[in-house]
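Below is one structure; the comments refer to it alone.
Read-outs: derived from the displayed coordinates by stated rules, not from any lab. Note that the coordinates shown come from a computational prediction; the quantities given were computed from them, not determined experimentally. Counting neighbours? That spans all protein chains shown, and the Cβs are built from the backbone with ideal geometry, glycine included.
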Amino acid sequence: MKLYRLITLLALLVMILPACGSSQSNSKVLNLYGWSDYIPQQLLDNFTAKYGIKVNYDTYSSNEEMLAKLQAGASGYDVVIPSDYTDAIMIKQGMLDPLDMTQIPNFSNLDKRFISRDYDPNNQYTIAYQWGTTALIYDKTQVPFEPKSYADLWDPRFKGRLVMLDDEREVMGMVLQVLGYDRNTTDPNQLQQAEQKLIELKPNILKFDSDTPETSIISGEAWAGLVYNGNASLAFASDPNVVYICPTEGCGIWFDTLAIPKGAPHKDAALKFLNFILDPAQSILISEEFPYSNPNAAALDYLKTTDPTFYASYMAFSGTNPSDAFLANAKPIIDVGTATTLYDSLWTDFKAK
Ligand code: N2P
């Protein structure tokens with residue numbers, strides 16, 4: 001009799017459990033919140049064609065914008081694309097859901113250099129999306145002299161000719177390096193000096209643009225600036241006179257990731273999407289349209305055979321395939337804890353001036 005009851009109970013559970021999780025097991029929608037100009041529409045269309053899951057893609061232009069929106073209570077997103085230091089913040093604040101790695105077998109396609117990094121040591125919450133550097137770009141046919149350091153950007157001959165990322169940590173980090181300080185300093189005095197130094201750069205700044213700064217270089221309006229590697233790669237693809245260097249002070253290095261925010265309504269779709277993105281044939285679509293550095297080793301192998309011309313240019317350019325010498329001087333942004341609010345307020349103050 002007891003055994004009979006147990007069997008009945010188990011049978012009931014088997015019937016009920018899938019029903020409880022129905023929105024979790026067969027979702028028809030995926031709400032993606034990611035950087036702008038970063039995920040090819042073709043990849044999203046391929047995902048929809050394969051799984052019948054429609055993708056809504058909302059974009060942001062900085063980690064801070066994404067974080068502020070989620071902290072203000074925006075819910076409903078299934079996948080976000082934070083950078084390393086923002087992962088650290090989100091993990092600390094309990095904003096991400098642990099990943100069920102059994103659902104992401106393509107994780108093994110990643111180059112070992114991009115797993116188990118310090119911001120998420122066991123890849124409990126994140127997988128690598130793209131990586132890259134933040135460094136100095138210039139058009140050698142436009143610049144009045146050959147820039148070698150960030151300090152050169154203050155030269156008055158650059159008046160109105162610089163394009164800068166609208167990225168508070170990268171720009172403040174750059175100025176701190178020019179002053180000889182750590183790009184992740186938490187010292188209020190050093191940070192204040194950085195704001196002053198940044199104010200002195202203002203006459204040279206044509207515009208702040210984190211989405212498509214390469215367009216200002218390509219049009220010739222801007223001659224130099226601070227951009228992400230993918231922007232430099234796009235500029236170089238359209239104008240081979242574009243140079244991208246890690247200057248004497250050093251440059252930035254970053255690792256962008258895919259993660260699932262806590263409370264994501266379509267977690268099943270999110271896991272499918274994470275695995276799909278790591279498929280080599282999908283992953284190379286990213287490199288071809290947005291040439292950052294790709295952490296997917298299997299995808300780069302695939303690219304070598306399917307698109308050898310593009311592969312050769314990917315390997316030859318410092319933006320997509322930085323040399324050891326380039327990387328030797330590259331330092332990441334890290335979470336500065338409570339000093340974040342100081343960075344925020346100095347940046348806001350500077351932008352308002
Ligand atoms: C894409 C920006 C890449 C993010 N538009 C750099 N971390």
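Values as computed for the structure displayed
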item	result
Relative contact order computed over the chain (Cα-Cα under 8 Å; 6+ residues apart), in percent	27
Centre separation in Å (Cα based) which lies between region 138-197 and region 265-343	25
Label point distance in nm, LYS69-ASP324, each placed 7 Å from Cα along Cα→Cβ	4.1
Long-range tail of P(r) for region 230-279 (Cα pairs > 12 Å, %)	76
Lys/Arg +1, Asp/Glu -1 at C-beta; the chain dipole; positive extreme among LEU285, ALA74, TRP254	ALA74
Approximate spin-label separation GLU200-LYS351, in nm, with each point projected 7 Å along Cα-to-Cβ	2.4
Rounded to 5, the percent of DSSP beta bridges in the chain classed as antiparallel	55
Over 26 Å between alpha carbons, listed pairs LYS262/LYS331; LYS92/LYS331; LYS140/LYS207	LYS262/LYS331
Descending principal axes extents, region 17-135, alpha-carbon based, whole Å	45, 31, 30
3J(HN,Hα) from dihedral phi, region 244-254, Karplus parametrisation 6.51/-1.76/1.60, rounded to Hz, x for glycine, proline	10, 10, 8, x, 4, 6, x, 9, x, 9, 9
Hypothetical label at GLN142: residues of region 239-262 whose amide nitrogen lies under 14 Å (7 Å Cα-Cβ projection)	239-244
Cα-based Rg and Dmax for the chain, where Dmax is the largest Cα-Cα distance (Å)	22.3, 92
By average C-beta atoms within 10 angstrom, highest first, the peptides 342-351, 169-178	169-178, 342-351
At q = 0.13, 0.15, 0.19, 0.26 Å⁻¹, base-10 log of I(q)/I(0) for region 194-271 (Debye sum, equal scatterers on each alpha carbon)	-0.60, -0.71, -0.90, -1.31
Cβ-based charge dipole, region 119-238, positive-most Cα from GLN130, LEU162, THR141	THR141
Relative contact order computed over region 62-158 (Cα-Cα under 8 Å; 6+ residues apart), in percent	20
Spherically averaged projected area in nm², based on the convex hull that wraps the Cα atoms of region 119-169	5.6
Amide hydrogen neighbours beyond the local backbone of THR248, cut-off 5 Å, H modeled	SER149, TYR150
Segment GLN103-SER25, length gained on full extension (0.36 nm per residue, minus Cα span)	26.9 nm
Computed label-point distance, nm, for sites GLN124 and SER313 using a 7 Å Cα→Cβ extension	4.3
Distant alpha-carbon pairs in region 56-100 (separation over 13 angstrom), percent	55
Cβ-placed point charges (K, R +1; D, E -1), dipole of region 113-251 about Cα centre in debye, nearest 20	240
Estimated Rh, region 69-199: Kirkwood, alpha-carbon pairs, angstrom	18.1
Shape of region 254-353, Cα gyration tensor, a/c cut at 1.5	oblate
Amide proton proximity set for GLY225, modelled H, under 5 Å, gap of 5+	ILE137, VAL163
